[in-house]
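Student: Pasting a structure below so you can have a look.
The values are calculated or read from the model by the stated rules, or taken from the named source; none is laboratory data. Here the structure is a predicted model, which means the values were calculated and not measured. Every residue, glycine as well, gets a Cβ built from its backbone with ideal geometry; the counts of neighbours run over all protein chains shown. Surface areas here come from the heavy atoms of the whole protein model, side chains and all, with no ligands, DNA or RNA. Shrake-Rupley method; radii C 1.70, N 1.55, O 1.52, S 1.80 Å.
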Amino acid sequence: MDGSLLLWGGLALCVFWGVGVHNRLMRIRARGLSALGSAEKHVRVYADLAHEVMTSVPAGGAHPQTPVAGASLDGWARLQSAWQALDQAWKDAKPSPLAVEPLARVAQAFDHLQDAWRQLNDVPPDLAGPVVPATLRTQWEAITQRVETARGGFNQISILYNEALDQFPASLVVRFMGFQPSGRL
């Protein structure tokens with residue numbers, strides 16, 4: 001009788017512990033998905049800004065493909081191409097939002113977008129003025145600050161989640177529960 005009670009007590013303890021591990025990881029995962037959604041929302045603001053700039057025609061009657069008078073077509077085309085690559089990376093990451101590979105591609109595409117922006121800003125001004133107007137530069141930097149904050153928040157949650165997956169004794173059962181390591185932005 002005592003052996004049976006001890007067996008059932010141990011089994012109940014294991015079940016409650018497993019449920020606790022599962023719930024803890026699901027809470028961290030939900031926070032990660034929320035932070036990832038926040039980062040994506042802020043990145044989408046880049047799309048609105050880029051669309052607004054790329055479709056505007058300056059008052060001076062410049063070439064319709066040139067968003068700002070005197071701007072380098074190559075620089076703006078690189079920026080638009082980088083944005084399209086980032087947008088595609090986000091779409092590719094949707095089916096498995098916390099997977100390592102898709103998030104690595106999103107991070108790489110975002111870094112490429114920032115590099116294209118820096119290259120565009122490095123174009124020296126000509127007689128028509130700077131390639132990137134000050135207001136656009138200010139808006140871009142404000143968006144970048146919000147995106148970097150959201151990326152940092154997601155990366156912290158991702159580290160916490162991955163550490164929780166590796167903690168003993170939870171590490172013995174998390175793979176059976178279907179939890180996989182999370183990538184970083």
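Student: Can you report the number of residues in the range 117-148 which are in contact (Cβ under 8 Å) with a residue 60 or more places away in the chain and surrounded by fewer than 15 Cβ atoms within 10 Å (Cβ to Cβ)?
Tutor: Summing the residues that are in contact (Cβ under 8 Å) with a residue 60 or more places away in the chain and surrounded by fewer than 15 Cβ atoms within 10 Å (Cβ to Cβ) in the range 117-148 gives 2.
Student: Would you confirm, using the coordinates I've provided, whether Thr138 is part of a helix (DSSP H, G or I) and more than 30 Å from Arg27 (Cα to Cα)?
Tutor: Answer is yes for this residue.
Student: Can you tell me which residue is modelled with the highest pLDDT among those in the range 13-47 that are open to solvent by 40 Å² or more (accessible area, probe 1.4 Å) and farther than 23 Å from Ala164 by Cβ?
Tutor: Lys41
Student: If a residue has to be free of Cβ contacts under 8 Å to residues at least 40 places away in the same chain and open to solvent by 30 Å² or more (accessible area, probe 1.4 Å) to count, how many in the range 69-96 make the cut?
Tutor: Of the residues in that region, 14 qualify.
Student: Can you run down the residue pairs with Cβ atoms below 6 Å, 6 or more apart or on separate chains, where the first is in the range 16-37 and farther than 20 Å from Arg175 by Cβ and the partner is surrounded by 13 or more Cβ atoms within 10 Å (Cβ to Cβ) and modelled with pLDDT of 90 or more?
Tutor: That search, which allows pairs on different chains as well, returns Arg31/Ile157; Ala35/Gly153; Ala35/Phe154; Ala35/Ile157; Leu36/Phe154.
Student: Of the residues Ala142, Ala128, Ala134, Ala170, which single one is modelled with pLDDT of 90 or more and out of contact with any strand residue (DSSP E or B) (no Cβ under 7 Å at 6 or more places or on another chain)?
Tutor: The conditions single out Ala142.
Student: With respect to the numbered conditions (1) more than 18 Å from Glu52 (Cβ to Cβ); (2) over 21 Å from the mean Cα position of the chain (by Cα); (3) part of a helix (DSSP H, G or I); (4) not acidic (Asp, Glu), which one is the sole condition not fulfilled by Pro124?
Tutor: (3)
Student: So Glu163 fits all but one of (1) assigned to a loop (DSSP other than H, G, I, E, B); (2) open to solvent by 90 Å² or more (accessible area, probe 1.4 Å); (3) closer than 30 Å to Leu13 by Cα; what number is the exception?
Tutor: Evaluating Glu163 over (1) assigned to a loop (DSSP other than H, G, I, E, B); (2) open to solvent by 90 Å² or more (accessible area, probe 1.4 Å); (3) closer than 30 Å to Leu13 by Cα leaves (1) as the failure.
Student: What about Arg151, is it open to solvent by 80 Å² or more (accessible area, probe 1.4 Å) and of a type outside the set (Val, Ile, Thr)?
Tutor: The answer is no for Arg151.
Student: Sticking with this one: Evaluate the range 97-109: report whether one residue or more is open to solvent by less than 50 Å² (accessible area, probe 1.4 Å), at pLDDT below 90 and in contact with a helix residue (DSSP H, G or I) (Cβ under 7 Å, 6 or more places away or on another chain).
Tutor: Yes; the residues of the range 97-109 include at least one that is open to solvent by less than 50 Å² (accessible area, probe 1.4 Å), at pLDDT below 90 and in contact with a helix residue (DSSP H, G or I) (Cβ under 7 Å, 6 or more places away or on another chain).
Student: For the range 95-113, what are the residues that are in a helix (DSSP H, G or I) and either of a type in the set (Phe, Trp, Tyr) or closer than 18 Å to Lys41 by Cβ (or both)?
Tutor: Pro102, Leu103, Val106, Ala107, Ala109, Phe110, Leu113
Student: If you don't mind, another one. Restricting attention to the range 168-185, and to residues there that are outside any loop (DSSP other than H, G, I, E, B) and of a type in the set (A, V, I, L, M), which single residue is most open to solvent (accessible area, probe 1.4 Å)?
Tutor: Per the stated criteria, the residue is Leu172.
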